[in-house]
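The values are calculated or read from the model by the stated rules, or taken from the named source; none is laboratory data. Fair warning: this is a prediction, and the values are worked out from it, not measured in the lab. Note: ideal-geometry Cβ built from the backbone for every residue, glycine included; neighbour counts use all protein chains shown.
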Amino acid sequence: MSTRFPWDDSYLLGYAPMDETHREFVDALDALLACEDADLAARLEAFERHAEAHFAEENRWMQGTDFPPAQCHIDEHAAVMKSVSWVLDAVTRGDMAEGRRLATALADWFPGHAFHLDSALAHWMVKRAYGGKPVVLRRSAAGR
Ligand SMILES: [Fe+2]
Ligand SMILES: [Fe+2]
């Protein structure tokens, strides 16, 4: 029996490029949870490709903007990629149970990661995008 992982609007964090990537994450993971054993390796490979791009993009945002708490977020991405690569190897050798366990673990992991780590980065990126405004407003309020 496989559970599914439908999109939920509570995953929206307000930074559009990240929200779009997170929709792709949910789709890739849902497809992994829903698939037959015969497709498990291919779905997991597709998930791995998604996760690689997804995490690399967030890491670039963090490193490119001197995001202060970047390291634990980057480390968590790396830990997930390590598990995915290890489990993909096991699935390729025929150990479907490892693949199923990982898919369930990823579904448990994502909401907390998005809520605690991605949300801080999303707010940081939004604030940067509109970064000049509060200063300008303060200056004009002070009559300069
Ligand atoms: Fe993310
Ligand atoms: Fe992340």
Does segment 1-27 hold any residues that are among the small types (Gly, Ala, Ser), assigned to a helix (DSSP H, G or I) and under 15 Å from residue 115 (Cβ atoms), and which are they? 10
Where residue 87 falls short, out of the listed (1) closer than 24 Å to residue 122 by Cβ; (2) surrounded by 13 or more Cβ atoms within 10 Å (Cβ to Cβ): (1)
Any chance segment 27-50 includes a residue that's surrounded by 13 or more Cβ atoms within 10 Å (Cβ to Cβ), within 11 Å of the chain's Cα centre (by Cα) and not hydrophobic (A, V, I, L, M, F, W, C)? yes
Assess whether residue 98 counts as being among the charged types (D, E, K, R) and either buried (at least 17 other Cβ atoms within 10 Å of the Cβ) or not in a helix (DSSP H, G or I) (or both). yes
What pairs can you find where one residue is in segment 104-119 and closer than 16 Å to residue 24 by Cα and touching a residue at least 24 places away in the same chain (Cβ under 8 Å), the other is hydrophobic (A, V, I, L, M, F, W, C) and not in a helix (DSSP H, G or I), and their Cβ atoms are less than 9 Å apart, with a gap of 6+ or different chains? 106/5; 107/5; 110/5; 114/13; 118/13
Would you check if residue 38 is more than 15 Å from ligand 1 (Cβ to nearest atom), aliphatic (A, V, I, L, M), part of a helix (DSSP H, G or I) and modelled with pLDDT of 95 or more? yes
Right, residue 9: away from ligand 2 (no atom under 16 Å from the Cβ) and touching a residue at least 24 places away in the same chain (Cβ under 8 Å) or not? no
Residues in segment 54-61: is at least one more than 20 Å from residue 116 (Cα to Cα), in contact with a Ser or Thr (Cβ under 8 Å, 6 or more places away or on another chain) and either at pLDDT 95 or above or not in a helix (DSSP H, G or I) (or both)? no
